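J.: Sharing a structure below in structure tokens format, with a few things to ask.
Laboratory data are not the source of any read-out in this text; all were calculated from the coordinates shown. Since the structure is predicted, the reported quantities are computational estimates derived from the model, not experimental observations. Here the Cβ positions follow ideal geometry from the backbone for every residue, glycine too, while neighbour counts run over all protein chains shown.
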Amino acid sequence: MKPNPRENEMTMQLLEHTAKIREYCDYLDEHVANVERAWKALQKPCRNMPFIYDDYRWFSIDAMVRAHDLSKVSPEEFIQYQRNFCPVGEKDKSGFAAAWQHHQDENPHHWQHWAPKEYHNPYEAECHCVCMVIDWMAMGYKFGDTAEAYYTANADKIELPDWAVKFIKAIFAATKEASQ
């Protein structure tokens, strides 16, 4: 049987798309593993902070860590993120802005989700704040940075309430002191 060039081209395209989807899934797996690693790394230096020794806060944060970025596999985000970060050919930004907004709306580790809200339970906002730092630490593992360096470089764009700025700086100080 004679090879069909059209079928060969379609097979190659399918393999290329599959490889890019796998690349994005690998990135997600790595990030989630880094989030878990960051949560573990934060616990010892912050052992004297209430979010570690208070069971309510610790278990709340632990549950958020285990559910970290689950929305990235949703229909509202998966393909849009994959096409933006691991594209076949040029980046495809169509739909990415809506996917990013969905991600922020669904994930309280992003300050855009929790900082503008008023919380009746102050511990809830604190837990979200810790998860934000954990996410920054995880990204730092990937890109050779620290959560503090990320915050410092982007503080002018990150709109946190005063209590949150003091809180994350206390976390940064505790982790820095532990590493010395």
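J.: Distance in nm between label sites at residue 154 and residue 92, each 7 Å beyond Cα in the beta-carbon direction?
T.: Spacing of the two 7 Å Cα→Cβ label points: 2.6 nm.
J.: Then there's this: Based on DSSP H runs of at least 4 residues, each adding -39500 (n - 2.57), what is the mean residue ellipticity at 222 nm of the chain after dividing by all its residues, to the nearest 500 deg cm²/dmol?
T.: -22500 deg cm²/dmol
J.: Is the C-alpha gyration tensor of region 93-180 telling us rounded, prolate or oblate? Criteria: a/c under 1.5 is rounded; beyond that, a/b larger than b/c is prolate, otherwise oblate.
T.: oblate
J.: Roughly how big is the chain's charge dipole about its Cα centre, with Cβ charges of +1 (Lys, Arg) and -1 (Asp, Glu), in debye to the nearest 20?
T.: 360 debye
J.: Nearest 0.05, what FRET efficiency do residue 63 and residue 30 give at R0 = 25 Å with Cβ-Cβ as r?
T.: Given R0 = 25 Å and the Cβ-Cβ separation, E is 0.75.
J.: Extending each Cα 7 Å along its Cβ direction at residue 23 and residue 101, get the distance between those two points in nm, one decimal.
T.: For the pair residue 23/residue 101, the computed spacing is 2.9 nm.
J.: Please report the relative contact order for the chain, taking Cα pairs under 8 Å with a sequence separation of at least 6, and give it as a percent rounded to a whole number.
T.: Relative contact order of the chain: 24 percent.
J.: Looking at region 16-52, which trypsin sites (Lys or Arg not before Pro) are DSSP coil and have at most 11 other C-beta atoms within 10 Å of their C-beta? Each step should come with its number before you reach the end.
T.: Values: sites: 20, 22, 37, 40, 47; in loops: 47.
Answer by residue number: 47.
J.: Let me ask something else. Assigning unit charges at the beta carbon (Lys, Arg +1; Asp, Glu -1) and nothing else, what dipole magnitude in debye, to the nearest 20, does region 1-81 show about its Cα centre?
T.: Result for region 1-81 is approximately 220 debye, rounded to the nearest 20.
J.: If you don't mind, another one. Counting other Cβ atoms within 10 Å, keep those with at most 13, restrict to DSSP loop, and tell me which trypsin sites (Lys or Arg not before Pro) in region 79-152 are left.
T.: 91, 93, 117
J.: With a cut-off of at most 14 other beta carbons within 10 Å, and DSSP calling the residue loop, which GluC sites (Glu not before Pro) in region 94-175 qualify? Please list them.
T.: Working: sites: 106, 118, 124, 126, 148, 159; in loops: 118, 159.
Passing both the DSSP loop test and the Cβ count: 118, 159.
J.: Estimate the FRET efficiency between residue 14 and residue 37 by the formula 1/(1 + (r/R0)^6), using the beta-carbon distance for r and 35 Å for R0, to the nearest 0.05.
T.: Efficiency, from the Cβ-Cβ distance: 0.55.
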